[in-house]
Amino acid sequence: MDELLKNLNEEQLKPVCDTEGAVLVLAGAGSGKTRVLTSRIAYILREEKASLSEILAITFTNKAAGEMKERLQRMLGDEAGDSKWICTIHSMCVKILRQFAEKAGIKPNFSIYSETERANVIKKSFQELDFDDDKLLKNAKFHIGNAKMLGLSPEEYGNKYVHERGMDDIVVIYEKYDKHLKENNALDFDDLLIETLRLLKRDEETREYLSDKFKYVLVDEFQDTNSVQYQIIKLLSSKHGNLFVVGDDDQSIYGWRGAEIDNILKFDKDFPNAKIYKLERNYRSTKSILKLANCIIKNNVERRGKELWTEAGDGDNPVYYQAEEEAGEALYTARAITDAVARGKKYSDFAVLMRINALTRSYEQEFTKYGIPYKVFGGFRFFERKEIKDILAYLRIISNPYDSEAVERIINVPKRGIGGRTVQIMYEYAQSTGLTLYDAAVDCEELPLTRGTKDKIKDFADLIKGLIISAVDMPVAQLVRDVLNKTNIRSAYDDGTDDGDSKLANIDEFIASVDDFSRLNPTATLDEYLNQVTLSSDLDEMDDGDYVTLATIHAVKGLEFPTVFICGLEDGIMPSSRLSEDGRSEEEERRLMYVAITRAKEKLYLTRSKSRYLYGHRDLTRPSRFIAELAPVLGAAAYERPTFGYSGGMRKYGNSYGGSSYGGGAVQSSGKALYSEYEEFEGSTQQASSFKGFFGGAKKSESKANGTGKYSVGMHVRHPKFGVGMVVALKNDGNIINVAFDGQGIKELSASLAPLTIL
């Protein structure tokens, strides 16, 4: 037993061994909560208080669940047993609903609709009701999502928000949407929770069975649970009362999607006998980084209160950098990463975090110029790409032929000559007969269509029928290859273009992901594979490759990186411009800043642009109010505020700024200036042509540098991304060069960073 607990500190040991009753653990960032959760499960097993199948451990992501399973395997070996109930809450609900489908009033092979499918079906419902107001459609999508998040039926939601504009129409659209889901034997993400809660409330036998089965219920990231999730958790732990929740009120950042921070703040009111423990020792970051984190979060009022500490050293001071505009901000980051990699660091040691994914453009542009590998997370996810969704739609039909949304998606992919009007006729037949769209394809002889069109539909129906039969005893990895071959779906994207090649590469990557899943789950069914894919998150798509992570802060919660850049620190971006008057949303934005800071292990950079092009126009910006709050730690430069004394308010960026210097200044907490060479930054070609005043000093240095140094005008070079080009201008003593690339236009590059080969 000593061997099991020896790696726990005193703070961690107490909640691990306190197994009975309600327990709340307030776990600060980097305090080892996963170790605590895993050790507690192992301790319960070793003490023979329960078997693993009698323990429910709810995690926030599939990746976190996988990590817990791996740790248990290392700790206990074969004694670990069946770990299928270590899972996300959505995965748990899928398991319960498939097991008790009849009692829940659904078919067990139901499809799970992502946000994309939800939006498609809402739009279809909207059109069928003959609405044509785009604003109403947008409002309907929002309100239906809000209603589902709150667990309210159309009637309940309509009554609660009766005074909202257009609510009567929204309720009708919501009802139509739910009707389509039922016809398609489909549930959306929120339905997984709602239907599970309804089942547990309605069916006493199921509730008694599950609450008796789970002798211990453990919940990770408890601060991010919403009302429906919390109700499910309480019902599942009602028999034995052993509810163990771990969370951090200072990291509650999902209020916008229904997470209720009150769940963790008022836990001991719901469970008066609950024991509360705090984990404040941080094993991740240096003292300097924790000093910054504690400095920002102390400004929040709605928190239980704790202060992170570490036995690690002070480390490097955080750096605050202000660029004149976003290209300079991105170039600063590119240079810092390149310098560090030259000294032995890996690209995967770095993450650039931002409040909104719209800020990735300048980083993608600069990283591409200088050969810095990167991946973007928090934006358009891999499994949401069209070509991947098309393949998944074929698999969904094989699993659930009732899924008319999937049939409509791929009935003409690749092109079969089955147009929108034909699909509409099929839908009308399906609705009049109470059948599905796939049934309409099978019954194509009954449709008022030409012989040629009927033959095309029949070919499609026969294809799907053959795949359904093949799937009965075919392993998932082989089935996916069978689908790709028999549908000839590659032909839809093999058009000889770069975009087409990219889509084909994504299909190959998809096959690799299926192979990985099958290797780890050799007996898994198609339904289980679709569950895993549909319920995946950005974190689940991250791998061990050597690349810089570009991500929204929300997308990297729970992760850590040796070096972190937090960019776009301007009011209106971080914090967001959408702040409520009650102050709660500003507190959540501050918690988001806290989360970003505590992702860093060794080095932290805070950056902003004095001017930014965003949402179609360029404006001068104000430093984030959080910079002012951090000024006591960051140093004198963080107190700097811009002056807006120009007539008309914030002056648009253009010919206003002359001179060659459009960098900024980097300061550590001592206020000492760093990286003086960053005074001379490049701009994109588009900016160079639009803002000519920006480059007023460039021509002077061009003549001085022409023909000197490594590059000269007229020289031919090769870039790994842009191909062959010719140097057409040099600036700033040859530090900046303009290269005209074949078919790519003129690119402005840093001579010291650009991966160019002289031809």
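The values are calculated or read from the model by the stated rules, or taken from the named source; none is laboratory data. All of these numbers come straight from a predicted model, not from anything done at the bench. When we count neighbours, we look across all protein chains shown, and the Cβ atoms used for this are built from the backbone with ideal geometry, even at glycine. These accessible areas exclude ligands, DNA and RNA; they are computed on the full protein's heavy atoms, side chains included. Shrake-Rupley method; radii C 1.70, N 1.55, O 1.52, S 1.80 Å.
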The list (1) 28.6, 86; (2) 34.6, 112; (3) 29.3, 91 gives values of Rg and Dmax of the Cα atoms in Å, and only one came from this structure; which label was calculated from it? (1)
Mean shadow of region 232-288, computed from the convex hull of its alpha carbons, in nm²? 5.7
Under the rule of at least 5 residues apart or a separate chain, name every residue whose amide H is placed under 5 Å from the amide H of residue 610. 323, 324, 325
Work out how much length residue 511 to residue 287 would gain on full extension: take 0.36 nm times their residue separation and subtract the Cα-Cα distance, in nm to one decimal. 76.2 nm
Per its Cα gyration tensor (rounded if a/c is under 1.5, else prolate when a/b beats b/c, else oblate), region 158-306 is best filed as oblate
At a Cα cut-off below 21 Å, give the lysines reachable from residue 107, other chains included and same-chain residues fewer than 8 away excluded. 95, 148, 176, 179, 182, 201, 465
Among 254, 463, 594 the positive-end extreme of the charge dipole of the chain (Cβ point charges): 594
Using a 1.4 angstrom probe on the protein heavy atoms only, line up 295, 17 by accessible area, largest first. 17, 295
Under a crude label model (7 Å from the Cα following the beta-carbon direction), how far is residue 142 from residue 546 in nanometres? 4.7
What net charge is computed for the residues neighbouring residue 38, neighbours being all others with C-beta under 10 Å from the C-beta of residue 38, Lys and Arg scored +1, Asp and Glu -1? +4
Once the piece of chain linking residue 274 and residue 524 is laid out straight, how much longer is it, given 0.36 nm per residue of separation minus the C-alpha distance between them? 86.1 nm
Of the DSSP beta bridges with both residues in the chain, give the percent that are antiparallel, rounding to the nearest 5. 40
Extension gain, residue 446 back to residue 494 (0.36 nm per residue minus Cα-Cα distance, nm): 13.8 nm
Below 11 angstrom from the Cβ of residue 268, what's the summed charge of the other residues (Lys, Arg +1; Asp, Glu -1)? +3
Cα-projected label distance for residue 48 with residue 74, points at 7 Å along beta-carbon direction, nm: 2.8
Taking H placed 1.01 Å from N in the peptide plane, check which residues at least 5 places from residue 605 or on another chain put their amide H under 5 Å from its amide H. 319, 564, 565, 566
Local charge sum around residue 372 (other residues, Cβ-Cβ under 13 Å, Lys/Arg +1, Asp/Glu -1)? +1
Need one number: nm distance between label points at residue 123 and residue 342, each 7 Å from Cα along Cα→Cβ, rounded to one decimal. 4.8
Taking only protein heavy atoms and a 1.4 Å probe, the highest-to-lowest accessible-area order of 11, 366, 102, 587 is 102, 11, 587, 366
Please work out the Cα convex hull volume for region 392-437 and give it in Å³ per residue. 60
How high is the FRET efficiency between residue 578 and residue 265 when r is their beta carbon distance and R₀ equals 35 Å, given to the nearest 0.05? 0.95
Determine Rg/Rh for region 481-603; Rg is computed over alpha-carbon atoms and Rh is the Kirkwood hydrodynamic estimate from the same atoms. 1.10
